Amino acid sequence: MRRRLVASITATTVGLAFWWSLTEPLPVPLTILLGVPAAILFCAGLIAGRLGVLASPIAFVFSLLVGSIIATQLHQYFAPATPPVSSFGPLIAVSFPELVTPIVVAALLGGAGGMLGERLMPSSP
């Protein structure tokens, strides 16, 4: 069970971090900007099984932190005076009050994926 949780968090963090950092400067429609991460967070729940409700929000927060580092480095490579990237689209920012709702949504998506994942690949007791 622990391996599934770690694998889920690691894979989701890396995937979402690159999603956030590479789409940050582009004019991506809001439905796509949020739909792809929602699918990834649901799949994190599938991988983690019962612990999907924990895996998705943890991976979401880590991905925002890693994604902001990658995006900042990309920006500073081309324009050295660029300030650090602290938001991705109009709804997601790397600050506490704005982050509560997306974390709850990530937990719900991970929980839903976890219920399905547990039925498809039951955890050993």
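The values are calculated or read from the model by the stated rules, or taken from the named source; none is laboratory data. Predicted model, so just to flag it, every value in this text is computed and none were measured. Cβ sites come from the backbone with ideal geometry, for glycine too, and all protein chains shown count toward neighbours. We work out accessible area using only protein heavy atoms, side chains counted, and drop any ligands, DNA or RNA first. Shrake-Rupley method; radii C 1.70, N 1.55, O 1.52, S 1.80 Å.
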Calculated log₁₀ intensity ratio I(q)/I(0) where the Debye formula runs over C-alpha points of the range 3-67, q = 0.11, 0.22, 0.27 Å⁻¹: -0.23, -0.80, -1.08
Order by protection proxy (mean Cβ within 10 Å, highest first), peptides 103-110, 74-81: 103-110, 74-81
Accessible surface ranking that places the most exposed of 118, 98 first, with a 1.4 angstrom probe: 98, 118
Cα centre as origin, Lys/Arg/Asp/Glu Cβ charges: the chain dipole, Debye: 460 debye
Cα long-axis angle, helix 2-23 against the chain (0 to 90 degrees, to the nearest 10): 30 degrees
Under Karplus coefficients 6.51, -1.76 and 1.60, residue-wise ³J(HN,Hα) of the range 41-49 in Hz, glycine/proline x: 5, 5, 5, 4, x, 4, 5, 6, x
Probe 1.4 Å, protein heavy atoms only - accessible area per residue of the chain in square angstrom: 57 Å²
Shape category assigned to the range 31-84 from the gyration tensor of Cα positions, a/c cut at 1.5: prolate
Degrees, to the nearest 10: 96-120 long Cα axis against longest axis of the chain: 30 degrees
For the range 86-91, Karplus couplings with θ = phi - 60° (6.51, -1.76, 1.60), whole Hz, Gly/Pro x: 10, 8, 10, x, x, 9
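Using mean Cβ contacts within 10 Å as the protection proxy, how do 36-46, 63-73 order, highest first?
36-46, 63-73
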Accessible area in the full protein assembly, largest first, 1.4 Å probe, for 62, 88, 96: 96, 62, 88
Global form of the chain, assessed from the alpha-carbon gyration tensor, a/c cut-off 1.5: prolate
